[in-house]
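The values are calculated or read from the model by the stated rules, or taken from the named source; none is laboratory data. Computed from a prediction, not measured in an experiment: that's the story for all the values here. Counting neighbours? That spans all protein chains shown, and the Cβs are built from the backbone with ideal geometry, glycine included.
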Amino acid sequence: MTEILTVALPKGRLSELSVKLLYKCGIDCSPLKENTRKLVLFDKSGQYKFILVKPTDVPTYVERGVADVGVSGKDTLSEQQKDVYEVVDLGFGNCRMCVAGYAGSGNRPKSGVLRVATKYERIASEYYESKGINIDLIKLGGSVELGPIVGLSDVIVDVVESGNTLRENGLVVLEEIMPLSARLIINKISYKTKSAAIRPLLDKIIEAVKK
Amino acid sequence: MAKKLKIPYGFRDCLPDECYFKDGLERELSELFRTYGYLKTETPTVEYYDTFHDVCRPEMLKKMFKLTDNDGSLLALRPDVTLQVCRMAAATDIPNPKRLYYVENSFEYLDSPDTARTREYSQIGVELLGDTGIDGEEEILCLAVESFLRAGLTDFVIEIGNNDLFRTLAAEANLSTRDESELIKLINKKDGGGAEAFLKKCGADTAVVAKTVSLIRLFGGKEVFAAARKTIGENAAIDSVETLFGRLVEKGYGKYVSVDFGTLNGYDYYSGLVIKGFTAGHGFALLDGGRYDGVCPSFGYESGAVGFALGTKRLMTALEAIGKVSRVPSLDWVYSSDGRSDKEEWKFACELRNQGKTVAELFGFDKAALENYCRENSVKNAAYFDNGKKYLLRGEEK
């Protein structure tokens, strides 16, 4: 009997794409496609247990070993720096972590200190630290674009996908910090103790991603 | 309303049941180490920050709890016992090979409570100092296996790796120290794509990139050695791990041993052998260790060193998960009195205590309350003293 693998999937946007990828790997996870409020689901074979969690919580479940495998955005992984294996770039959910603001506003302080609004405290502070720029970091929970508009901040650090939100609010990308995409993450112990189940899955995923 | 009950995050109380379990475990492991000729040592909780400064990477220095002394010197709470043992060895005349063990708490400064780690953690570990070569490594690996067995784990893995294989490749790629530690992080995350992109950016040639990235998949059983030679070529580090692997198999430990050439120790002072110990169902390593020949020389003492540390609390969690947990046993005896039998009570309790029994007085309990307490707390024996006379309520006095 093969061991059951617990897979943490992020609710929302990445979940559909993850399900699509799992299909390509021959895992029938149709229960995941049904409109359900259940948080724990199994695939048809019963070999995989899926838990649906908030996207920013995926690394926590995997780090603590209650999920063996998970799908998480690179933005979340870079921000949280959890101790997990980050094995495959899944090639979907592609976007960029950017500095944005009004065109021509520049990304260095003109006087005093540069005010940066963001949801991503660690990414923003490490980025500006590497550039030797001191900043006033303003942590926001969402709608970060408002920062420059209402005069709360000079620039923002945020995920940019199509750039539509920025455009509609009259903002532009000033600098790109790093490209982002969904990653497959694995608990450091599970990868070894359940390698008979994880390795074949990983090979299939790598194969499916290449296509 | 602040009741002053709060303790800083990452620190914990250890309640009686947990303490009892922990003490028992520490006693078992200490006894095991003692039979291998290891001697217990204690090191100070606080040291000069400078002591660690030259041997630790900046990340580790950042994670030290710091204090200042009266004269303004910077002090640090013990971040790790190994460094202290080497410092101690450099200043003493204990003959080599030195076999030492410790049971101590170490401290790590975490800047956020949102972590699975604690800021104070109990460790029990062994250090073997001297030029003990591969035989010393074998002894430490055997002790690692024996420690888990002695603790009561049945399904566990002792994983062997070697930093030198990576070091050889990093030298071929001509990386700066900074790039090298960046690459170590990527390899430790098994981020193949990331490592490949990073090496290319550093200008490493294609063959070296392929070899280095292959480390990420070089883990598992004995098949790993052939795979490693095929992709990387002959290398002393592969030979050394294979020899150790073979020696452990010979001893009947084969089912507990595995290999991973992609687990690297980020600390500068590790060289060669890397050891990890873990168990299925527990998301964190329980045991960490390896060879750290760089430490003693940094204290002006020419000696090799190899050892490991076990995370006591993590080991306890793993044992609890398989039902191997001990709890404080019920009292053997309880008694109470009318308050006029002091001499008799004292004599009675002393005799039992001299036999090693646990005896506790329940102040002011009448007979009914005493009975009730015994029922609720599974106490087998109870006595009540009335005007100097003893009445047995439960059990039988031997």
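With B:Arg87, B:Arg99 as the choices, which residue is charged (D, E, K, R), touching a residue at least 60 places away in the same chain (Cβ under 8 Å) and under 17 Å from B:Gly294 (Cβ atoms)?
B:Arg87
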Options B:Ser122, B:Ser147; residue that is assigned to a helix (DSSP H, G or I), among the small types (Gly, Ala, Ser) and within 30 Å of B:Asp93 (Cα to Cα): B:Ser147
Residue within the stretch B:215-229 that is away from chain A (no Cβ under 14 Å), crowded, with 23+ Cβ neighbours inside 10 Å and assigned to a helix (DSSP H, G or I) present: yes
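Name the residue, out of A:Ile189, A:Ile206, A:Ile185, A:Ile198, that is touching a His at 6+ places or on another chain (Cβ under 7 Å), within 14 Å of chain B (Cβ to nearest Cβ) and modelled with pLDDT of 90 or more.
Numbers: A:Ile206 fails: touching a His at 6+ places or on another chain (Cβ under 7 Å); A:Ile185 fails: touching a His at 6+ places or on another chain (Cβ under 7 Å); A:Ile198 fails: touching a His at 6+ places or on another chain (Cβ under 7 Å).
Going through A:Ile189, A:Ile206, A:Ile185, A:Ile198 in turn, just one is touching a His at 6+ places or on another chain (Cβ under 7 Å), within 14 Å of chain B (Cβ to nearest Cβ) and modelled with pLDDT of 90 or more: A:Ile189.
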Exclusive hit being under 24 Å from B:Lys251 (Cα atoms), away from chain A (no Cβ under 14 Å) and outside any helix (DSSP H, G or I), set B:Asp135, B:Asp131: B:Asp131
Qualifying residue in the stretch B:373-388 (condition: touching a helix residue (DSSP H, G or I) at 6+ places or on another chain (Cβ under 9 Å) and either free of Cβ contacts under 8 Å to residues at least 12 places away in the same chain or at positive phi (or both)): yes
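Give, as residue ranges, the helices (runs of 4 or more DSSP H) completely inside the stretch A:1-116 that count at least 2 residues that are among the hydrophobic types (A, V, I, L, M, F, W, C) and in contact with a strand residue (DSSP E or B) (Cβ under 6 Å, 6 or more places away or on another chain).
A:58-63
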From A:Ala124, A:Ala103, residue being touching a residue at least 12 places away in the same chain (Cβ under 8 Å), among the hydrophobic types (A, V, I, L, M, F, W, C), more than 14 Å from chain B (Cβ to nearest Cβ) and surrounded by fewer than 18 Cβ atoms within 10 Å (Cβ to Cβ): A:Ala103
Criterion violated by B:Asp293 - all others in (1) under 11 Å from B:Asn162 (Cβ atoms); (2) touching a strand residue (DSSP E or B) at 6+ places or on another chain (Cβ under 7 Å) satisfied: (1)
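Per-residue answers, yes or no, for (1) within 10 Å of chain B (Cβ to nearest Cβ); (2) surrounded by 22 or more Cβ atoms within 10 Å (Cβ to Cβ):
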| residue | (1), (2) |
| --- | --- |
| A:Lys49 | no, no |
| A:Lys54 | no, no |
| A:Val58 | no, yes |
| A:Val66 | yes, no |
| A:Gly70 | no, yes |
| A:Gly73 | no, yes |
| A:Gln81 | yes, no |
| A:Val84 | yes, yes |
Identity of the residue in the stretch B:163-202, more than 10 Å from chain A (Cβ to nearest Cβ) and within 21 Å of A:Ser190 (Cα to Cα), that ends up surrounded by the most Cβ atoms within 10 Å (Cβ to Cβ): B:Ile187
Unique match (being under 19 Å from the mean Cα position of the chain (by Cα) and within 26 Å of B:Asn188 (Cα to Cα)) among B:Val103, B:Val157, B:Val85: B:Val157
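Take B:Val249 and tell me if it is surrounded by fewer than 17 Cβ atoms within 10 Å (Cβ to Cβ), at pLDDT 95 or above and not in a loop (DSSP other than H, G, I, E, B).
The answer is yes for B:Val249.
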Among the candidates A:Lys11, A:Lys44, residue that is surrounded by fewer than 20 Cβ atoms within 10 Å (Cβ to Cβ), among the charged types (D, E, K, R) and over 30 Å from B:Thr115 (Cα atoms): A:Lys44
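Name every residue in the stretch B:149-200 that is β-branched (Val, Ile, Thr) and either closer than 23 Å to B:Ala318 by Cβ or without any contact (Cβ under 8 Å) to a residue 60 or more places away in the chain (or both), in order of residue number.
Within the stretch B:149-200, B:Thr154, B:Val157, B:Ile158, B:Ile160, B:Thr177 meet the criteria.
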Residue match in the stretch B:29-37 (condition: under 17 Å from the mean Cα position of the chain (by Cα), at pLDDT 90 or above, loosely packed, with under 14 Cβ neighbours inside 10 Å and under 21 Å from B:Asp288 (Cα atoms)): yes
Qualifying residue in the stretch A:150-161 (condition: charged (D, E, K, R), within 14 Å of another protein chain (Cβ to nearest Cβ) and not in a helix (DSSP H, G or I)): no
Failed criterion for B:Ala76 (all others in (1) among the hydrophobic types (A, V, I, L, M, F, W, C); (2) more than 18 Å from the chain's Cα centre (by Cα); (3) outside any strand (DSSP E or B); (4) crowded, with 21+ Cβ neighbours inside 10 Å hold): (3)
